[in-house]
Structures are given as C-alpha cells and as structure tokens.
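*Asks:* First, the structure itself, so that you have it in front of you.
Here, each number is a calculation from the coordinates, and none is a lab measurement. Note that the structure is a prediction, hence the values are computed from the model and not measured. Please note: Cβ atoms are built from the backbone with ideal geometry, for glycine as well, and neighbour counts cover all protein chains shown.
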Amino acid sequence: MAKTFTLLLSTSPYSYENTLTAVKTAESALDKGHTVNLIASGDGVYCFLKKQKAKGITNAEEEFSRLIQKGLKVYL
Amino acid sequence: MGKIAMVLRRAPYGDINAAEAVRHAMGGVADELTVDLILVDSGVLLAKKGQDDTGTGFTNLEGTLKDCIDMGVEVYADKASAREQHLESADIVDGVKLASAAEIAELMQEAKTTMIF
Amino acid sequence: MLVIVKSAPDTTDGKRGIKLARDMAADVVLLQNGIYFAQRERLEGFCGTAYVLDDDVRLRGLKNGEIEKDIKRLDYGSLVDLMAGEDKVMGMF
C-alpha cells in the first residue's frame, strides 16, 4: 500500500551525512510508489540553491533536482 | 617553522570534520609545514581498515588518510579511545601510531598551533 | 514503533535515542555514525529488534564479525518497507 513519507531536512548540505540519507531514503520510497514530501528547515534550505559545485560528497542540487523530476515534493 | 597539531574528535562520514581534518593536514604538508594528525574519541575510527564508499558518492577517507601518511603527516591514534571504540590494532591503517595520553599531551605541547576538528 | 539513531555511541544524542527506544519497547534502526552501536556488546540490555543500514556499515569498514549476531541488516529498500509498515517512526537521534 502506498504511504506518504515526510522527511525533515534541517542541516546544511555539506556538513553532515543527512543529505545522503535523505536522498537515498527519498529515492527508494519514490521508486516503491510512495508519496515523498521533504520539508527544508533552517540551514536545510541551502540544499536547494542553484550552481552548487560539490565533488567527493553528495551534490545536493544535482541529487534533489533529479528526485524532484521523479516526483519528490519539496517545501522550503 | 612551528608544528601544527590537528585533532580529530569525531567519527568519519557522519559529519564533515574528518574530511576537513585530512584535507587541511594535506594542505599543511604540501606547504612544507610539519603536521601531526591526532585522532581521539570516535575520531580514531577514521583509521579503520576496509572502508568501502561504493554507491555513496563520498571520498574514501581511509584512502585520503593513507595519502596523508605518504605525504609525511604523522598520524597518532589515542590508545584509550581505540579501546573504547572497539578498534583493534590489527584493524588500524598501517603507519598510524598508537599513542598514550601522555604522549598526546606532549605532542600538543610541542605544537605551535592547534586545530580542533 | 521505530526509533532511528544516526549519532555515535559516544554522543548524548545517540545514547538518548537508544534509551528512549528501550523505554518505549520500540525497535531501533542504526544508520550514519549510529551503526557503531551494532558492534558487539554495545546494545546490552536492549530487548527490541535492532536493524543496521548496510551501506553505512560498509562505508565505515565494519566487518561482519564485529557486528552483534542478532542485528538485522537493511538496504535502503528494506528500510523504506520497514518504515512503511510501522505506525510510528521517530528520529533521527
């Protein structure tokens, strides 16, 4: 049965592993047909800035853009 | 030029401290500074063998730590912390030296500058 | 009920998450630096089911032999299935 997952992301993109955890969990839930909401709070909003250049760590802009195409709903 | 002691207190990957510590250690030796990288508390887990970054997008910090050692960074792991963190000596990256609390205190005293991660 | 713990055993956050799970008789999912709780003898007195995220275990170089036998391994797919099947998910600590 499809359910709704709501993730709260409140940390900046490159200081913690939370970005990767959120991306992987959200993608897995989307692939299984669940609805996924992501609420960006506090420094979490920086995950959605344009022109990020991160390498060697989850690039928040690239990964979340990809997931938005898959149906991820993001609320800032 | 004086020596820099960089102290890592946090386990790798959960936050950016371990990655920043090795990055700055490499920057230091590349600039011909003498760098001691001192691993304490869960920071000793940076020296654990067998880290596998497949599918995570992370830089493998075991590899970066080995690069640091090859470039001349002296890496020390606190003995008591290693024991607390269930880290056995056979499981520690080659070239990392186990140090007692007294030895670490001495390294910190010798250093002109300290950076805490 | 499921409690997710991402913080290492030497942090107050990690300890709080495990204690809360124990007090509520909830199950626990260990990920990020929380995976070190899966090392032998770290979860003594915890009676629920403990799960650990395989990706985060491999990233940190923990070997199979270091992990407590009755802890169950998860990938992200089975984590999502587990969360979808619970009435309540708390965390992450």
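*Asks:* Of (1) under 21 Å from B:Leu45 (Cα atoms); (2) of a type in the set (A, V, I, L, M); (3) not in a helix (DSSP H, G or I), C:Ile4 satisfies all except one. Which?
*Replies:* With respect to (1) under 21 Å from B:Leu45 (Cα atoms); (2) of a type in the set (A, V, I, L, M); (3) not in a helix (DSSP H, G or I), C:Ile4 is out only on (1).
*Asks:* Something else about it: If you go through region C:22-30 one residue at a time, do you hit one that is in contact (Cβ under 8 Å) with a residue 60 or more places away in the chain, within 13 Å of the chain's Cα centre (by Cα) and over 22 Å from B:Asp52 (Cβ atoms)?
*Replies:* Of the residues in region C:22-30, the ones in contact (Cβ under 8 Å) with a residue 60 or more places away in the chain are C:26, C:29.
Subset that is within 13 Å of the chain's Cα centre (by Cα): C:26, C:29.
Still in the list and also over 22 Å from B:Asp52 (Cβ atoms): C:26.
Yes, because at least one residue in region C:22-30 is in contact (Cβ under 8 Å) with a residue 60 or more places away in the chain, within 13 Å of the chain's Cα centre (by Cα) and over 22 Å from B:Asp52 (Cβ atoms).
*Asks:* While we're looking at this one, here's another question. In contact with a Phe, Trp or Tyr (Cβ under 9 Å, 6 or more places away or on another chain) and either of a type in the set (Val, Ile, Thr) or free of Cβ contacts under 8 Å to residues at least 24 places away in the same chain (or both): does that describe B:His86? Outline the logic, then answer.
*Replies:* Details: in contact with a Phe, Trp or Tyr (Cβ under 9 Å, 6 or more places away or on another chain): yes; either of a type in the set (Val, Ile, Thr) or free of Cβ contacts under 8 Å to residues at least 24 places away in the same chain (or both): yes.
Spelling it out, B:His86 is indeed in contact with a Phe, Trp or Tyr (Cβ under 9 Å, 6 or more places away or on another chain) and either of a type in the set (Val, Ile, Thr) or free of Cβ contacts under 8 Å to residues at least 24 places away in the same chain (or both).
*Asks:* How many of the residues in region C:37-85 are more than 9 Å from chain B (Cβ to nearest Cβ) and in a strand (DSSP E or B)?
*Replies:* Count: 8.
*Asks:* Only one of B:Thr64, B:Thr54 is surrounded by fewer than 22 Cβ atoms within 10 Å (Cβ to Cβ), part of a helix (DSSP H, G or I) and of a type in the set (Ser, Thr, Tyr). Can you tell me which? It would help to see each step written out before you state the result.
*Replies:* Numbers: B:Thr54 fails: part of a helix (DSSP H, G or I).
After ruling out the rest, the residue left standing is B:Thr64.
*Asks:* Just one of B:Lys97, B:Lys3, B:Lys79, B:Lys66 is more than 24 Å from C:Lys63 (Cα to Cα), more than 10 Å from chain C (Cβ to nearest Cβ), of a type outside the set (A, V, I, L, M, F, W, C) and touching a residue at least 12 places away in the same chain (Cβ under 8 Å); which is it?
*Replies:* Working: B:Lys97 fails: more than 24 Å from C:Lys63 (Cα to Cα); B:Lys79 fails: more than 24 Å from C:Lys63 (Cα to Cα); B:Lys66 fails: more than 24 Å from C:Lys63 (Cα to Cα).
Just one listed residue meets the conditions, B:Lys3.
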